1. Here is a list: Gly126, Gly143. Which entry is over 17 Å from the mean Cα position of the chain (by Cα), at pLDDT 95 or above, more than 30 Å from Asp51 (Cβ to Cβ) and surrounded by 13 or more Cβ atoms within 10 Å (Cβ to Cβ)?
2. Looking only at segment 25-38, which residues are at pLDDT 95 or above and either in a loop (DSSP other than H, G, I, E, B) or over 13 Å from Arg63 (Cα atoms) (or both)?
3. Being modelled with pLDDT of 95 or more, under 19 Å from Ile151 (Cβ atoms) and not in a strand (DSSP E or B) is the requirement here; does Ile83 meet it?
4. In the set Ile151, Ile147, which member is among the β-branched types (Val, Ile, Thr), under 19 Å from Asp40 (Cβ atoms), assigned to a strand (DSSP E or B) and in contact (Cβ under 8 Å) with a residue 40 or more places away in the chain?
5. Identify the residue in segment 97-123 that is in contact (Cβ under 8 Å) with a residue 60 or more places away in the chain and part of a strand (DSSP E or B) and, among all such residues, is surrounded by the most Cβ atoms within 10 Å (Cβ to Cβ).
6. May I ask you to say which residue of Phe60, Phe132 is over 15 Å from Val25 (Cα atoms) and touching a strand residue (DSSP E or B) at 6+ places or on another chain (Cβ under 7 Å)?
7. Does Ile91 meet the test of being part of a strand (DSSP E or B) and not polar (S, T, N, Q)?
8. Among (1) surrounded by 12 or more Cβ atoms within 10 Å (Cβ to Cβ); (2) hydrophobic (A, V, I, L, M, F, W, C); (3) out of contact with any Gly (no Cβ under 9 Å at 6 or more places or on another chain), which single condition is Phe76 missing?
Amino acid sequence: MRNSIVCILVCLISFLFSSCESNIVYNQYQAIDNVSWEKDKEYYFTFQIEDVSIPYDITFETRNNNLYPYQNLWVFLSEEQPIGSLKRDTIECLLANEYGKWVGRGISLYQSGFPVRTNYMFPNKGQYTLSFRQGMRNDALKGIQEIGLRIEKAQP
């Protein structure tokens, strides 16, 4: 009797979770080589967009440790579309407040997200590639452990 109740509960919970639709279209991280982001090192994120009738939120993610020496991080973004020219942009990410306290979530590794585009309508179906390169003055930027890209359907 007890086993059948547990089985029914597990099935019910599984059904509830499987019926929920996730808004996340893409969520990927890449580790920074040797925890030192070289000035000429570019990290690529490739994803597929099938539905161009809805808006999306695009977020650049970072995970930094206590060795990161600055309050902010400048990042150069390139967007390669299935059709059309290459788009470029620059993003400033504030990783710490004016007192040096990290603004991200975490204890020794701090995760932060920075909006790249909100309510963005992709112009075409197909494969997109976003790439990121650090725009700081350092040839080797220490303290950034991972960077990521999250794309989700915008909330109405």
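1. Values: Gly126 fails: more than 30 Å from Asp51 (Cβ to Cβ).
Answer to the selection: Gly143.
2. Of everything in segment 25-38, those that are at pLDDT 95 or above and either in a loop (DSSP other than H, G, I, E, B) or over 13 Å from Arg63 (Cα atoms) (or both) turn out to be Val25, Tyr26, Asn27, Ile32, Glu38.
3. Details: modelled with pLDDT of 95 or more: no; under 19 Å from Ile151 (Cβ atoms): yes; not in a strand (DSSP E or B): yes.
Against the criterion (modelled with pLDDT of 95 or more, under 19 Å from Ile151 (Cβ atoms) and not in a strand (DSSP E or B)), Ile83 does not qualify.
4. Details: Ile151 fails: under 19 Å from Asp40 (Cβ atoms).
Being among the β-branched types (Val, Ile, Thr), under 19 Å from Asp40 (Cβ atoms), assigned to a strand (DSSP E or B) and in contact (Cβ under 8 Å) with a residue 40 or more places away in the chain holds for just one of Ile151, Ile147, which is Ile147.
5. Restricting attention to segment 97-123, the residues satisfying the condition of being in contact (Cβ under 8 Å) with a residue 60 or more places away in the chain are 117-123.
Filter again for part of a strand (DSSP E or B), leaving 117-120.
Values: Arg117: 18, Thr118: 11, Asn119: 11, Tyr120: 14.
The residue in question is Arg117.
6. On the way: Phe60 fails: over 15 Å from Val25 (Cα atoms).
Selected residue: Phe132, the only one of Phe60, Phe132 that is over 15 Å from Val25 (Cα atoms) and touching a strand residue (DSSP E or B) at 6+ places or on another chain (Cβ under 7 Å).
7. On the way: part of a strand (DSSP E or B): yes; not polar (S, T, N, Q): yes.
Yes.
8. Evaluating Phe76 over (1) surrounded by 12 or more Cβ atoms within 10 Å (Cβ to Cβ); (2) hydrophobic (A, V, I, L, M, F, W, C); (3) out of contact with any Gly (no Cβ under 9 Å at 6 or more places or on another chain) leaves (3) as the failure.
The values are calculated or read from the model by the stated rules, or taken from the named source; none is laboratory data. Source: prediction; values computed, not measured. Quick reminder, even Gly has a Cβ in these numbers, built from the backbone with ideal geometry, and neighbours come from all protein chains shown.
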